[in-house]
Structure formats: structure tokens, C-alpha cells
Amino acid sequence: MTTDYETLIESFVAKRLSAGEFEKRYLKAFKSEPGGMETKVFEILEKLFSDVDSYSPDCQEGKESAFEISEVELRRQAAKALNDLRRLRDDRSVSQR
């Protein structure tokens, strides 16, 4: 499950997906999530959901507000979420050894 989100986010961060396509896919995936997700994973994905929801194609970099962010800022936040998910996964792998 988490790897599906990682793949989607990575595609956006690597610019293989446009911001509009990422927005559509991420919102659909998150809204249809069945639940039962680990709290830390949920917190990371929920924060990104908020960022995706705040994305506006008309917002210019440096002109972001509490209600609207640019594509550049969305990519930054997506990269942060991806790093957080990977770190969490790696920490779990180490603790299971």
C-alpha cells in the first residue's frame, strides 16, 4: 500500500507526471483509501493531501499563501513526503532484523 503511494509521489517528483495529473491521482487514491493505515504513514499522507488540495496552477512560485501553493512548492512537499515515507519504511526494516 505505502509503496503505491511512493511510486505515485516519485513519478511526480521526477516530473514524469504533471501537477494536474498527480493531483487527480493522489486525491482519488487518498479518498478511496480503505483505512487501517499506520498512524505515522497516515500523518505523512494526510499532510500531502492538504498540500495537493492547496495546489493552484495559477499560483506562482514565491506567491504562496496559507490557502494556495505553486507547482514548485507542491513538488517540494511531495519530495519531503516521499523522503519521510522511505525513512519510515527503512526504520521499520532495521527494527525487524
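Worth a mention:
- Extension gain, residue 65 to residue 30, is 10.3 nm, computed as 0.36 nm per intervening residue step minus the present C-alpha separation.
- Axial C-alpha extent at least 15 Å, average Kyte-Doolittle at least 0.0 - helices from the chain (DSSP): 2-13, 39-54
- Note on the chain: dipole from Cβ charges, positive end direction compared against 37, 74, 60; the farthest Cα belongs to 37.
- Working note: 222 nm ellipticity from helices only, DSSP H runs with n ≥ 4, each -39,500 (n - 2.57), summed and divided by the residues of the chain, gives -22500 deg cm²/dmol to the nearest 500.
- Accessible surface of the chain, 1.4 Å probe, proportion on carbon and sulfur as whole %: 47
- Dipole magnitude of the chain about its Cα centre (Cβ charges: Lys, Arg +1; Asp, Glu -1), debye to nearest 20: 400
- Pairwise label distance in nanometres, residue 46 with residue 79, each label 7 Å out on the Cα-Cβ vector: 2.7
- Relative contact order of the chain: 30 percent, from C-alpha pairs under 8 Å at least 6 residues apart in sequence.
- For the chain, the solvent-accessible area with a 1.4 angstrom probe is 64 square angstrom per residue.
The values are calculated or read from the model by the stated rules, or taken from the named source; none is laboratory data. These numbers were taken from a predicted model, which means no experiment stands behind them. Backbone-built Cβ (ideal geometry, glycine too); neighbour counts: all protein chains shown. Please note that ligands, DNA and RNA were not included when accessible areas were found on the heavy atoms of the full protein model with its side chains. Shrake-Rupley method; radii C 1.70, N 1.55, O 1.52, S 1.80 Å.
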